[in-house]
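Have a look at the structure below, then the notes.
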Amino acid sequence: MGNGALKRAVFLDRDGVVNEAVVRDGRPYPPQLDELRIVPGAAAALDALRAAGFELVVVTNQPDLARGTRTPADVDAIHRRLAHELPLSRFYVCPHDDADGCDCRKPRPGLLTRAARELGLDLSGSYLVGDRWRDVAAGQAAGVATVFLDRGYAEQCPDRPADATVDDLPGAVRWILKRSAMQAVTTPAVPDLERLTTKIFADGADLAGIRTLAADRRIAGFTTNPTLMRKAGVTDYRAFAAAALELIGDRPISFEVFADDPSAMERQARLIAGWGPNVFVKIPVTNTAGISTAPLVHRLSAEGVQLNVTALMTAAQVAEVTAALAGGAPAYISLFAGRVADTGRDPLPILRASLAILAAEPQLALIWASPRELLNIFQADEIGCHVITVTSDILAKLGIVGKDLDDYSLDTVQMFHRDASTSGFTI
């Protein structure tokens, strides 16, 4: 996953949770293989957890192994049967008794922490379902949310109450899914710029802004275009390019042709390419008459000119341009995802399809162009997009990435109050 997200798990005690325990004198005991009965509703309930993305991990104390009344083969046989009938990921067994002093016998958390290490699990987003105080205590020690199945055994209840107490496994699953859905809405994951694999290119034409951004190690490259240059008041294209190149060092930068017919585009492209080894020449996907520039793109790329083919908005355009660039020089393909979104369409399916198209040409990279909000950076990373171009107004928000939302809410309230006071409003 983007940002390297860990998996979540539901840890399940075995006897009394996924299969019926044998109860004698009010206390639960593990069944023999011929006594094994799956608890009612277990298969459907566990399927629902799997569908929600949870790993299902059985964590079970089996002290009869230490006592010599069960063999490892007996335990394995039961687990093979459970794995055949239920969607369980792994089984972790403590074979010790209390006198052994191990760290894996519940209420100690060793089984859970070992599973987390081996399976890459996020304990803070995981759950435990158990029918005994030992289970709940182990989950609490491991830092997972706990659900207690109250079977009415003649033994103590958990010293510290579980997060939820229910009557059966389907009830536990309903609680977990509801809580998980609420958390997904109310506590979104904190983004981490340090874990991005998508490269951020600064998009602009203001030399003062480029100088500032060139000092930011998070900026991996630069792009510009005639519209941005006009807004920045650029009048001398060559002088602007020379100044920008001096500021950015050896990072890639894209400068665009402004001609409209293929021969003039080609002449300008060759001139621009000569401005530096890190220069990529931006060629629009068509000219103003809608005629494809693919033949020109193919010719320039085959001759070693580094290109950035721009203003694409469909996967079909990406396929045509990729074919034109195949086997040629390193190049970027800029898909204007923000403009696609402006039409009410979701750009993500187009971006994903485009990445699949580019996969056969490792010298090509897809650019998420024209982003509309900072979140787009993390969305680009999530789908594996190679580059995203970001304008200075969005880059200015990098300093609040991961800001506590309660603090941000308070800042907003204070801003409203300050502005109202400054305005001198009365009612």
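Read-outs: derived from the displayed coordinates by stated rules, not from any lab. Source: prediction; values computed, not measured. We place every Cβ from the backbone using ideal geometry, glycine too, and count neighbours over all the protein chains shown.
Annotations
- Spatially close Lys pairs in the chain, defined by Cα atoms under 21 Å apart and a spacing of eight or more places or different chains, total 4.
- From phi via Karplus (6.51, -1.76, 1.60), per-residue ³J(HN,Hα) for the range 411-417 in Hz, x at Gly/Pro: 4, 5, 4, 5, 5, 4, 5
- With Cα atoms, 0 to 90° folded angle of helix 169-186 axis to the chain main axis: 30 degrees
- Of (1) 0.95; (2) 1.77; (3) 1.15, the label for Rg/Rh (Cα atoms, Kirkwood Rh) derived from the coordinates: (3)
- Ordering 241-247, 381-387 by mean Cβ neighbour count within 10 Å, with the highest value first, yields 381-387, 241-247.
- Using a cutoff of 8 angstrom between alpha carbon atoms and counting only pairs six or more residues apart, the relative contact order for the range 284-347 works out to 33 percent.
- Shape call, the range 2-186: gyration tensor on alpha carbons, a/c limit 1.5: rounded
- The angle between the Cα long axis of helix 348-358 and the main principal axis of the chain comes to about 70°, on a 0 to 90 degree scale.
- Cα gyration tensor shape of the range 73-146, rounded if a/c is under 1.5, else prolate or oblate by comparing a/b with b/c: oblate
- Degrees separating the helix 72-85 axis from the principal Cα axis of the chain, which is the longest one: 60 degrees
- When peptides 270-278, 150-158, 163-171 are sorted by average Cβ neighbour count within 10 Å, with the highest value leading, the order is 163-171, 270-278, 150-158.
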